[in-house]
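Heads up, the thing below is written out as structure tokens.
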Amino acid sequence: MMQLPTVSGKNLLRQEMVFPRDFGTALNLVFIPFQQWQQRQVDSWVPFVARLATAVPDFDFYEFPTIYRMNWFGRTFINEGMRAGIPNPDTRRRTVTLYLKKRPFRQALAIDNEDDITVMLLDRQGQVLWRSRGAFTDEKGAELETAVSEITVNQTPI
């Protein structure tokens with residue numbers, strides 16, 4: 001099964017986070033945009049996913065803007081620019097910028113290009129349970145809802 005490699009970054013509350021270690025829920029939806037314009041694709045999912053997070057216990061979602069490695073000054077400039085544009089503390093908590101070697105990261109997750117966002121449902125250990133690409137559609141929402149429903153029905157209590 002495909003797995004999120006260990007990645008780290010700071011969220012927009014300036015907290016250092018390491019994933020999958022810091023996933024706080026059993027099910028975690030992750031948006032991976034590569035370009036600034038792809039924020040529109042992420043935003044197209046948010047109303048649906050926010051309702052899902054309210055309805056499904058132990059479910060959360062994150063945005064992992066993925067950028068090539070750069071120095072402290074460049075990272076700070078980008079992070080503070082994003083922070084200034086996102087006043088909502090919950091959105092800031094969920095937004096963790098990853099500065100990394102993109103090719104190995106993409107290869108580990110079988111992301112063949114950066115033309116659209118990648119959307120992945122991960123368990124607490126970072127295993128990929130479901131995936132999609134691009135902007136939200138009703139069909140993609142239904143597929144995600146079905147995947148979440150099947151997973152939560154088949155989970156055994158620990």
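Under 5 Å between amide H atoms, partner at least 5 residues away or on a different chain: which partners does Gln3 have, H built in plane at 1.01 Å?
Those lying under 5 Å, H to H, from Gln3 are Val128.
Quickly rank 38-50, 101-113 as a protection proxy: mean count of other C-beta atoms within 10 Å, highest first.
Highest mean packing first, the order is 38-50, 101-113.
Report D for the stretch 4-66 in µm² per second (integer): Stokes-Einstein, Kirkwood Rh on Cα pairs, 25 °C, 0.890 mPa s.
193
Counting only the backbone N, which residues of the stretch 33-66 are under 15 Å from the spot 7 Å out from the Cα of Asp138 toward its beta-carbon?
48
Coordinate-derived values only; no laboratory data. Worth saying up front: this structure is predicted, and the values here are computed from it rather than measured. Positions of Cβ are generated from backbone atoms using ideal geometry, with glycine treated the same way; all protein chains shown enter the neighbour counts.
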